[in-house]
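Notes follow the structure.
Quick note: the coordinates plus some simple rules give every number you see, no bench work behind them. Bear in mind that the values here come from a model prediction, so they are computed numbers and not experimental data. No Cβ is skipped: glycine too gets one built from the backbone with ideal geometry, and neighbour counts run over all protein chains shown.
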Amino acid sequence: MQCSALRKNGHVVLKGRPCKIVEMSTSKTGKHGHAKVHLVGIDIFTGKKYEDICPSTHNMSVPVVNRQDYQLVSIEDGYLSLMDDNGETREDLKMPDTECGKEIKDKYDNDESIMVTVMKAMGEEMPVGVKSAKD
C-alpha cells in the first residue's frame, strides 16, 4: 500500500514488525523532491515503538491481522489450552508475560469461565484480551 494511503490506527510493517500506526505526519520537500511521510507505530505484540520516514509514493507492507476468540479450557506448564467455536483444541500458545496474562491467570484461578482473544499477524500469535464467557 502506498505510504500516502496509510491512516492513523491502521496497521503497517515497520522494521519487519507488525505495528499499529499511532502517529503520522507528511512533510513537503524541495522543488524536485517527493513529499515524505513520517510514521510512528507500536508493535502489536511487544508494545515497542518504531519510526520510519518514507516518500509518499513508496509502497509499504500491511500485515493481515486476525483476531479470534477461544474458550480457555486449562493452563498447563505455562501453556494455554484453548477451544475454538468448532470444538477444536490447541495447546501451543504460551501464557503471555503481560497484564493480559495476569488477568487470564487470576480469572482461571477463580474458576471463572473465560474467553481469550488471540491476535495473529505475520506468523506470530499472542493472547491480547480476556473476557468472561457467557454460559
Translational D in µm²/s for the stretch 66-132 (Stokes-Einstein at 20 °C, 1.002 mPa s, Kirkwood Rh from C-alpha pairs): 182 µm²/s
Sequence-separation-based contact order of the stretch 3-55, relative, with Cα cut under 8 Å and 6+ spacing, percent: 31 percent
Work out the length of the dipole vector of the chain about its Cα centre, built from +1 on the beta-carbon of each Lys and Arg and -1 on the beta-carbon of each Asp and Glu, and round it to the nearest 20 debye. 1380 debye
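Return the subset of LYS8/LYS28; LYS94/LYS120; LYS8/LYS107 for which the Cα-Cα distance in this structure is over 22 Å, preserving the input order. Write down the numbers at each step before the final one.
Values: LYS8/LYS28 19 Å; LYS94/LYS120 14 Å; LYS8/LYS107 33 Å.
Checking Cα-Cα distances, LYS8/LYS107 exceed 22 Å.
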For helix 99-109, what angle does its Cα long axis make with the longest principal axis of the chain, in degrees from 0 to 90 and rounded to 10? 10 degrees
Given charges at Cβ of Lys, Arg, Asp, Glu: the chain dipole, positive-most of PRO96, TYR79, HIS11: HIS11
PRE zone check, label point 7 Å out along Cα-to-Cβ of GLN71, amide N under 12 Å, scope the stretch 106-122, hits 113-116
Take the alpha-carbon centre of the stretch 1-68, take the same for the stretch 93-135, and report the distance between them in whole Å. 28 Å
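Once the convex hull of the C-alpha atoms of the chain is built, how many Å³ does it hold per residue, rounded to a whole number? Kindly include the intermediate steps, with their values, before the conclusion.
Values: hull volume 15.4 nm³, N = 135.
It comes to 114 Å³ per residue, whole-number rounded.
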